[in-house]
Structures are given as C-alpha cells and as structure tokens.
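Step one of this worksheet: look at the structure below.
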Amino acid sequence: MTMKVTLVILFGTKTDTNWSSCKKRLSETNPTFINRMKSYKGEEISDAKLRYMEKFTHRGDMTIKKVQEKSLAASKIWTWVLAMEKYAKCYRDVRPKKMKVAVLTD
C-alpha cells in the first residue's frame with residue numbers, strides 16, 4: 001500500500017490508486033516505467049508532495065531492510081523513492097546557494 005501511494009504521488013496519477021493499476025504500471029513490458037524512474041527530476045518534487053511522502057517514508061515499518069524481507073524488487077524501488085526524497089530536500093538547500101554564486105560571479 002505504501003509503495004503504491006508513494007509511486008502515485010511521485011508520478012502524479014492520483015486516479016490510478018488501486019493495486020491492479022499499480023501492478024500494471026510496475027510490470028509494463030516496455031521500458032517505460034524504468035525510463036520514467038531514470039528521467040525523474042527530483043528537484044521538481046513540490047513541498048506538498050514531500051510533506052505527503054514523509055507520512056510514508058518516515059514510518060518505522062518501511063525501512064529498506066523490512067521492505068526487502070517482503071520483496072527484493074520492491075526494496076530497490078523503495079530505495080529509489082527514499083533517494084528522490086533526500087535529493088529533493090538537499091536541492092532545496094543547495095539551490096539558493098547556487099543562485100547566490102551565479103549572481104556574485106556575473
């Protein structure tokens with residue numbers, strides 16, 4: 001359930017929240033799902049999405065190790081989700097500094 005909700009949040013398809021739709025997305029025969037993960041821009045995750053994701057990513061029962069006990073594939077996706085969350089938070093710290101450097105070097 002948590003994995004499903006998080007993927008729906010990241011990919012922005014709130015209409016397809018049932019498990020069968022999520023399984024279909026995860027098992028796409030063409031590389032669409034993997035390509036979407038590879039090309040996903042973590043810097044574009046909104047503050048609202050981050051806050052909502054934290055409801056799931058900060059749960060004690062959703063560690064990578066616990067997810068891996070249920071499914072190795074799910075643990076790899078969950079690792080990616082956690083990395084995107086961390087990247088988005090770091091980007092919020094770095095972006096103003098990069099902008100300041102750009103202004104000072106021009």
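The values are calculated or read from the model by the stated rules, or taken from the named source; none is laboratory data. The structure displayed is predicted, hence computed values, not measured ones. Cβ coordinates were reconstructed from backbone atoms using ideal geometry, including for glycine residues, and neighbour counts include every protein chain displayed.
Results, tabulated for the structure shown:
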read-out: Test: VAL5 is modelled with pLDDT of 85 or more, of a type in the set (A, V, I, L, M, F, W, C) and in a helix (DSSP H, G or I); value: no
read-out: Matching residues, segment 29-52, being at pLDDT 65 or above and part of a loop (DSSP other than H, G, I, E, B); value: PRO31, TYR40, LYS41, ILE45, SER46
read-out: Restricting segment 40-97 to residues that are in contact (Cβ under 8 Å) with a residue 60 or more places away in the chain and over 15 Å from PHE11 (Cα atoms), the residue that is surrounded by the most Cβ atoms within 10 Å (Cβ to Cβ); value: VAL67
read-out: Residue within segment 58-72 that is in a helix (DSSP H, G or I), in contact with a Leu (Cβ under 8 Å, 6 or more places away or on another chain) and more than 19 Å from LYS41 (Cβ to Cβ) present; value: yes
read-out: Those residues of segment 53-95 which are modelled with pLDDT of 90 or more and of a type in the set (Gly, Ala, Ser), in sequence order; value: ALA83, ALA88
